[in-house]
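*Asks:* Got a structure here, written out as structure tokens. Questions coming.
Please treat every number below as a calculation from the coordinates, not as lab data. Everything numeric here is computed off the predicted structure, so don't read it as measured data. Cβ sites come from the backbone with ideal geometry, for glycine too, and all protein chains shown count toward neighbours.
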Amino acid sequence: MDYINIENLDIPMVGLGTFSMHGEELKAVITSAMGMGYCFFDTAYRYGNESEIGDIVKAQQDEIGNAAPVVLSTKYSGLQYRGRKNRLFLDKKSPKRALSTSLHCLCRDNIDLYLLHSPFRGFQKAYEKMLKEKEKGRITVTGVSGYSVDQLKMIKDYCGVYPMIDMIELHPYHSSRALVDFCKENGIKLIARSPFAHGEILPLLSTDKDITSIANEHNKSVPQVVLRWIIQQGVVALPRTKNPSHLQENINVFDFELTSSEMHVIDMKNKDLSFGTVKR
Ligand SMILES: NC(=O)c1ccc[n+]([C@@H]2O[C@H](COP(=O)([O-])OP(=O)(O)OC[C@H]3O[C@@H](n4cnc5c(N)ncnc54)[C@H](OP(=O)(O)O)[C@@H]3O)[C@@H](O)[C@H]2O)c1
């Protein structure tokens with residue numbers, strides 16, 4: 001496993017997305033993943049599985065004993081605080097209470113990565129409040145998810161700093177080149193969510209002769225080539241799978257390297273085609 005380092009936190013270059021996973025299925029996936037060497041799991045308040053993930057990871061770490069640290073990311077949706085009478089309270093400007101809930105669910109005193117889930121009105125103020133929670137030691141790395149260059153600049157103007165991370169849709173049909181370049185120039189690290197566009201691009205790439213010949217050249221699968229193309233840009237990849245053999249395949253991407261011309265061939269597949277957020 002390779003890592004990027006932010007704020008003295010080593011973040012694995014391949015993590016595991018957990019959207020829509022629950023119960024025994026989630027337990028089986030995370031348990032197998034940890035056994036294979038995964039140590040970065042992404043969740044969100046909106047996914048409704050923070051408590052389950054907290055319990056599963058804690059139980060696994062207790063069982064394994066002196067295990068490698070597990071990095072957890074979760075997200076503040078801006079719509080999550082339940083006020084009196086359990087009404088959903090639109091507390092968009094105050095992630096403090098939401099963070100307390102997430103920390104409790106995840107069985108942690110500190111969350112490794114806490115991200116604004118997606119842009120909403122007043123996000124600059126919410127980011128400023130997240131920075132205050134970071135100062136208190138409740139968050140290690142603060143960031144955002146799905147923010148454009150203009151929105152990143154708005155946070156910089158308001159808070160004086162850029163977010164440390166932007167989690168964006170990034171795959172060969174949506175290379176987000178301008179955003180990636182801007183983030184690199186300004187020291188913002190990137191996480192590629194939906195590296196397979198919820199699985200939708202894999203059948204298309206698997207019939208693309210350029211991509212299959214790169215995969216054959218390295219004796220790797222098309223999904224492995226996609227993940228390697230992401231990692232070689234210095235971007236963390238966050239695939240999601242429930243399938244144990246895909247789980248193994250997606251982490252076995254550190255024993256080969258794409259040449260610069262192969263990287264260029266994949267770069268040229270960009271269609272600026274966004275597949276949006278995950279479908280259930
Ligand atoms: N911040 C945000 O707004 C946001 C938005 C979207 C996603 N995310 C995060 O990013 C994660 C991943 O994105 P995503 O859920 O859109 O998923 P994705 O990784 O783009 O695609 C998942 C699909 O790809 C298939 N797949 C995975 N590995 C495969 C392999 N090696 N071979 C063949 N098929 C494979 C999976 O099927 P199998 O299960 O059958 O393998 C599943 O259908 C999410 O779970 C979430 O944590 C964040």
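*Asks:* Provide the net charge surrounding THR31, with neighbours chosen by a C-beta distance below 15 Å and charges set as Lys +1, Arg +1, Asp -1, Glu -1. Spell out each step's value before the answer.
*Replies:* On the way: positive: LYS27, LYS58, LYS242; negative: GLU24, GLU25, GLU52, ASP55, ASP62, GLU63.
Overall, the nearby charge balance is -3.
*Asks:* Using Cα springs under 10 Å in a Gaussian network model of the chain, which residue among ALA59, ALA33, ALA126 shows the largest mean-square fluctuation?
*Replies:* ALA59
*Asks:* On average over all directions, what projected area in square nanometres does the chain have, based on the convex hull of its Cα atoms?
*Replies:* Numbers: hull surface 58.9 nm².
Mean orientational projected area (the chain, Cα hull): 14.7 nm².
*Asks:* For helix 50-64, report the angle its Cα long axis makes with the longest principal axis of the Cα atoms of the chain; keep it between 0 and 90° and round to the nearest 10°.
*Replies:* The angle comes out near 70 degrees.
*Asks:* Helix 222-231 sits at what angle to the longest principal axis of the chain, using alpha carbons and giving 0 to 90 degrees rounded to 10?
*Replies:* With both axes taken from Cα atoms, the answer is about 60 degrees.
*Asks:* If you take every DSSP beta bridge whose two residues both sit in region 9-267, what share of them, in percent to the nearest 5, is antiparallel?
*Replies:* On the way: 3 of 29 bridges.
Roughly 10 percent of the beta bridges in region 9-267 run antiparallel, per DSSP.
*Asks:* Oh, and also: Compute the projected area of the convex hull of the Cα atoms of region 95-145, averaged over all viewing directions, and report it in nm² to one decimal place. Write out the running numbers ahead of the final one.
*Replies:* On the way: hull surface 12.6 nm².
For the Cα atoms of region 95-145, the hull's average projected area reads 3.1 nm².
*Asks:* Right, here's the next one. What does the charge add up to near VAL253, with Lys and Arg as +1, Asp and Glu as -1, over the other residues with Cβ less than 12 Å from its Cβ?
*Replies:* -2
*Asks:* What is the local net charge at LYS269, summed over the other residues whose Cβ is closer than 13 Å to its Cβ (Lys, Arg +1; Asp, Glu -1)? If you can, show how the numbers build up before the last one.
*Replies:* On the way: positive: ARG177, LYS209, LYS271; negative: ASP208, ASP210, GLU262, ASP267, ASP272.
Residues near LYS269 contribute -2 overall.
*Asks:* How big is the equivalent ellipsoid of region 141-280 along its three axes, where each semi-axis is √(5λ) from the Cα gyration tensor, reported in whole Å from largest to smallest?
*Replies:* 27, 16, 14
*Asks:* Quick one: grab the alpha carbon gyration tensor of region 146-185, order the square roots of its eigenvalues as a ≥ b ≥ c, and give me rounded if a/c is under 1.5, else prolate or oblate depending on whether a/b is larger than b/c.
*Replies:* Details: a/c = 2.55, a/b = 2.29, b/c = 1.11.
Verdict is prolate for region 146-185.
*Asks:* Residues with amide H under 5 Å of LEU16's amide H, sequence separation 5 or more or different chain, H placed in the peptide plane at 1.01 Å from N; which?
*Replies:* PHE40, PHE41, ASP42
*Asks:* Related question: Would you mind calculating the relative contact order of the chain from Cα pairs under 8 angstrom and at least 6 residues apart, reporting the percent as a whole number? Provide the component values of the computation, followed by the final result.
*Replies:* Working: 476 pairs, mean separation 49.7, N = 280.
It rounds to 18 percent for the chain.
*Asks:* Holding the Cα-Cα limit at 32 Å, pick out from LYS27/LYS220; LYS129/LYS271; LYS136/LYS189; LYS129/LYS189; LYS27/LYS134; LYS156/LYS220 the pairs that are longer than that.
*Replies:* Details: LYS27/LYS220 28 Å; LYS129/LYS271 37 Å; LYS136/LYS189 22 Å; LYS129/LYS189 20 Å; LYS27/LYS134 30 Å; LYS156/LYS220 41 Å.
From LYS27/LYS220; LYS129/LYS271; LYS136/LYS189; LYS129/LYS189; LYS27/LYS134; LYS156/LYS220, over 32 Å: LYS129/LYS271; LYS156/LYS220.
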